Amino acid sequence: MIPEPAQYLLRFDDLCPTVSAARWQRCRELIEEFRLKPILAIIPDNQDPDLLHSPPDPKFWDQMRALESRGAAVGLHGYHHLCQSRARSLLGLHRHSEFAGISAGKQRLWIHEGLRILRSQGLTPRIWVAPRHGFDRQTLGALRAEGVFLVSDGFARVPFLRGGVTWIPQQLWAPAEKPEGIWTICIHANTVHRSQIAALRTFLADHSAQCTSIQQVLLRFQPTTLTLAERVYASIALRRRKLPHAIRRSRRLARS
């Protein structure tokens, strides 16, 4: 059953001790103002030089623990956030991935170590958030073996079962009013601009009663395999999302 009216989850990506201090502060203010219970997509051991936006924050892990204690869900956002594998992932949104195409043994080692790091910081990671949406069936097997059965991804309008895990869809990168369904809005904490924060604040002011959490979604909805109609909807939505990437690639090839 697709819920009416729509419900919204917030997800903050690329969190690590070197997250942009100013931009993450603005995100945290929104979380506190509207008492949100978002998904915190945390990189266990960031080695991506593009994510060195601020000096390491000695209070970062304290902030993550405090937010989790108030209902946020901790997500395992890859391992090093180095997307060096060129392989086909389950969604196929990007050509490079950290996990897709990597051997099953190495994927399980990375997931095991990532979970260990987050747990050593007093956190309880519950959900997988793949860098660049890049993961494959081997990833799902490694997640199951390590006791993680939730994935934040997919373009359906309801949670669903696939590959032995529950997928909580993630379909938006900016607030958008929807008539029905469960919608996860992904915010990249290192690059979000003031204007985007302002737009999100306006949206939340109008729709805060429709904001939910992973805990509430799992309590209220029993995930099943998608109906044919919902599979068709998700496939069309995914193709629409892929289209701008394909256009940009074509333009780059034409210029080269």
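Report, ordered by the first and then the second residue, all pairs with beta carbons closer than 8 Å, sequence separation of six or more or different chains, a first member in the range 77-101 that is touching a residue at least 40 places away in the same chain (Cβ under 8 Å) and closer than 19 Å to Phe12 by Cα, and a second member that is of a type in the set (A, V, I, L, M) and part of a strand (DSSP E or B). What qualifies is His77/Leu15; His77/Ala41; His77/Ile42.
Evaluating Arg132 against the criteria (1) under 15 Å from the mean Cα position of the chain (by Cα); (2) crowded, with 20+ Cβ neighbours inside 10 Å leaves one unmet condition, (2).
Please find, within the range 97-116, the residue that is surrounded by the fewest Cβ atoms within 10 Å (Cβ to Cβ) out of those that are more than 23 Å from Leu238 (Cα to Cα) and in contact with a strand residue (DSSP E or B) (Cβ under 8 Å, 6 or more places away or on another chain). Steps first, answer last, please.
In the first step, residues of the range 97-116 are kept if they are more than 23 Å from Leu238 (Cα to Cα); the result is 102-116.
Add one more test, that the residue is in contact with a strand residue (DSSP E or B) (Cβ under 8 Å, 6 or more places away or on another chain), and what stays is 102, 111, 114-115.
Details: Ile102: 22, Ile111: 24, Gly114: 23, Leu115: 20.
Checked the range 97-116; the qualifying residue surrounded by the fewest Cβ atoms within 10 Å (Cβ to Cβ) is Leu115.
Pairs are defined by a Cβ separation below 8 Å, a sequence spacing of at least 6 or placement on different chains, a first member in the range 140-162 that is closer than 20 Å to Lys242 by Cβ, and a second member that is of a type in the set (Lys, Arg) and modelled with pLDDT of 95 or more; the pairs so defined are Ser152/Arg11; Gly154/Arg162. The single condition from (1) within 22 Å of Leu36 (Cβ to Cβ); (2) free of Cβ contacts under 8 Å to residues at least 60 places away in the same chain that Trp110 fails is (1). When each of Arg126, Arg119, Arg157 is tested for being crowded, with 21+ Cβ neighbours inside 10 Å and not acidic (Asp, Glu), the lone residue that passes is Arg157. Each residue in the range 174-220 was checked for being surrounded by fewer than 16 Cβ atoms within 10 Å (Cβ to Cβ) and within 14 Å of the chain's Cα centre (by Cα), and 1 of them qualify.
Among the criteria (1) under 17 Å from Ile39 (Cβ atoms); (2) in contact with a helix residue (DSSP H, G or I) (Cβ under 9 Å, 6 or more places away or on another chain), the one Leu115 does not fulfil is (2).
Name the residue, out of Thr166, Thr139, that is out of contact with any helix residue (DSSP H, G or I) (no Cβ under 6 Å at 6 or more places or on another chain) and either buried (at least 19 other Cβ atoms within 10 Å of the Cβ) or among the hydroxyl-bearing types (Ser, Thr, Tyr) (or both).
Values: Thr139 fails: out of contact with any helix residue (DSSP H, G or I) (no Cβ under 6 Å at 6 or more places or on another chain).
None of the other options fit; the residue is Thr166.
Residues in the range 35-48: is at least one acidic (Asp, Glu), out of contact with any strand residue (DSSP E or B) (no Cβ under 8 Å at 6 or more places or on another chain) and under 25 Å from Ile182 (Cα atoms)? Within the range 35-48 (the criterion being acidic (Asp, Glu), out of contact with any strand residue (DSSP E or B) (no Cβ under 8 Å at 6 or more places or on another chain) and under 25 Å from Ile182 (Cα atoms)), the answer is no, since none of the residues qualifies.
Taking the condition closer than 21 Å to Gly114 by Cα and in a helix (DSSP H, G or I), does Leu140 pass? Taking the combined requirement at face value, the residue satisfies it.
The values are calculated or read from the model by the stated rules, or taken from the named source; none is laboratory data. Note that the structure is predicted; figures quoted are calculated from it, not measured. Here Cβ is always computed from backbone atoms with ideal geometry, including for glycine, and neighbour counts include all displayed protein chains.
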